[in-house]
1. Run the quick spin-label model on Asn228 and Glu343: label points 7 Å from Cα toward the beta carbon, then report their separation in nm to one decimal.
2. Please list, in order along the range 229-245, the HN-Hα scalar couplings obtained from phi with the Karplus expression 6.51 cos²θ - 1.76 cosθ + 1.60 (θ = phi - 60°), rounded to whole Hz, x for Gly and Pro.
3. Going down the list Lys45/Lys177; Lys266/Lys355; Lys37/Lys73, which pairs span over 22 Å between their C-alpha atoms?
4. Along Cα→Cβ, 7 Å out, is where each label goes; now give me the distance between the ones at Thr364 and Thr295 in nm to one decimal.
5. Testing the spin-label approximation: label points 7 Å from Cα along Cα→Cβ at Ala147 and Asn70. State their distance in nm.
6. Taking 0.36 nm per residue of sequence separation and subtracting the Cα-Cα distance, how much length would be gained by fully extending the chain between Glu269 and Glu38, in nm to one decimal?
7. Considering only the range 15-261, what is the antiparallel percent among its DSSP beta bridges, to the nearest 5?
8. Where in the chain is the longest stretch that carries no GluC sites (Glu not before Pro) classed as loop by DSSP and with at most 11 other Cβ atoms within 10 Å?
Amino acid sequence: MIHDPIPYGRQSIDQTDIDAVVETLKTDFLTQGPKIKEFEELFAKYVGAQYAVAVNNATAGLHLSVLALNFKKGQRVITTPITFVASANCIRYCGGEVWFADIDRESYLLSLESTRALIESKPKGFFAGIIPVDFAGLPVNTEEFRALANEHGLWIIEDACHAPGGYFVDSNGEQQKCGSANYSDICVFSFHPVKHIACGEGGMLTTNSKEIYDTLMLLRSHGITKNNMSENHGGWFYEMQALGFNYRLTDIQCALGISQLAKNDKGLERRNLIAKRYENAFEGKIRFQSLPEKTYNAHHLFVIEIDNRKGLYDFLRASEIFAQIHYIPVHTLPYYQDIGYGEADLANSEGYYSKCISLPMYPTLTDEEQNYVIDKVLTFNEKNI
Ligand SMILES: *Cc1c(COP(=O)(O)O)cnc(C)c1O
């Protein structure tokens with residue numbers, strides 16, 4: 001069969017996206033204009049949060065989030081090893097210590113039990129916060145993490161980069177979208193093209209705290225403000241009240257984001273259909289990420305586990321199918337090894353990593369292409385049991 005290479009993920013850009021960007025290019029504002037506020041308001045509404053702050057990427061957003069929670073040098077934060085490095089690096093940017101708790105072997109998410117065990121193995125006040133990740137698009141049950149965090153006075157930053165539109169149903173029977181921030185202090189999204197909503201680069205923070213929102217807004221733009229100033233010399237006057245950054249998103253990117261956001265639900269429907277087709281094909285033969293009840297997976301990824309993972313990876317590549325591995329456990333990367341994570345005992349994460357592989361998952365993947373992928377995976381699996 002002759003076909004174009006099939007990647008594991010791909011953005012969907014159509015004419016309405018292109019028109020939206022071109023329109024913005026013709027206006028007075030390429031950056032710091034009205035599209036930013038519009039995107040923020042639409043995004044906040046979409047996830048059910050009160051406030052949203054657009055940033056230039058999720059990594060910058062994670063950095064700002066940690067700072068906005070009054071982080072002090074040397075504080076310790078728990079996250080999962082099965083994530084993109086940025087979820088952990090944000091703590092290092094602020095001079096803190098990253099502690100890894102293990103994943104749940106079925107859902108691949110940060111395990112509530114191992115997080116609890118880690119917290120309870122240390123004196124009170126040892127940890128400052130938790131950064132759970134909605135890995136692959138599967139929402140973390142943040143209600144449960146909130147209860148644990150409250151017992152110990154911890155904050156929660158939800159890394160929701162994989163999950164705009166995903167939700168779980170809480171104990172009150174209410175749908176909690178990733179990013180609602182009802183149980184997290186701040187939630188972080190990415191608009192890198194491999195994620196659901198593509199802005200080129202980009203990110204969004206959501207929160208329900210006015211105080212956190214104000215701090216994020218201040219730090220996003222150099223710490224400079226014209227609000228709540230201690231003095232005012234005239235119309236030109238501003239104050240720099242904190243050491244901030246330039247972590248702004250442009251109006252051009254926000255115009256694209258607005259257009260992409262409008263199509264996200266449709267993309268999720270398609271992603272869930274693709275997942276169903278993989279599940280039907282693999283059921284009883286190949287292990288894949290489990291879906292807890294009353295959860296809607298945003299399916300950034302579709303991960304399977306296979307003993308001869310390298311064999312399958314190479315076999316798929318030879319067929320022009322570019323599967324990917326998510327992720328190399330963060331604590332095993334040279335930077336983290338060098339600062340002392342060599343002894344970390346994270347058996348579930350390492351066991352998962354030895355077998356995981358992410359298959360193509362994106363809305364424009366055709367049934368025909370997916371059948372081809374499924375056929376190759378099953379063929380390999382039968383030969384290599
Ligand atoms: C992509 C990603 C990030 C970083 O996003 P950028 O916008 O590229 O900075 C952080 N965390 C997770 C889980 C991600 O997948």
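1. 4.4 nm
2. Those phi angles translate into 7, 7, 8, 8, 8, x, x, 7, 6, 9, 10, 9, 9, 8, 7, x, 9 Hz.
3. Working: Lys45/Lys177 11 Å; Lys266/Lys355 31 Å; Lys37/Lys73 33 Å.
Going by Cα-Cα distance, Lys266/Lys355; Lys37/Lys73 fall outside the 22 Å limit.
4. With each label point 7 Å from Cα toward Cβ, the separation is 3.0 nm.
5. It works out to 2.7 nm between the two label points.
6. Values: separation 231, 0.36 × 231 = 83.16 nm, distance 2.48 nm.
That works out to 80.7 nm of additional length.
7. Values: 17 of 30 bridges.
Roughly 55 percent of the DSSP beta bridges within the range 15-261 come out antiparallel.
8. Numbers: sites that count: Glu231, Glu283, Glu293, Glu343.
Answer - 1-230.
The values are calculated or read from the model by the stated rules, or taken from the named source; none is laboratory data. Model, not experiment: these values are computed from the prediction. Quick reminder, even Gly has a Cβ in these numbers, built from the backbone with ideal geometry, and neighbours come from all protein chains shown. Note: areas computed on protein heavy atoms with side chains; ligands, DNA, RNA excluded. Shrake-Rupley method; radii C 1.70, N 1.55, O 1.52, S 1.80 Å.
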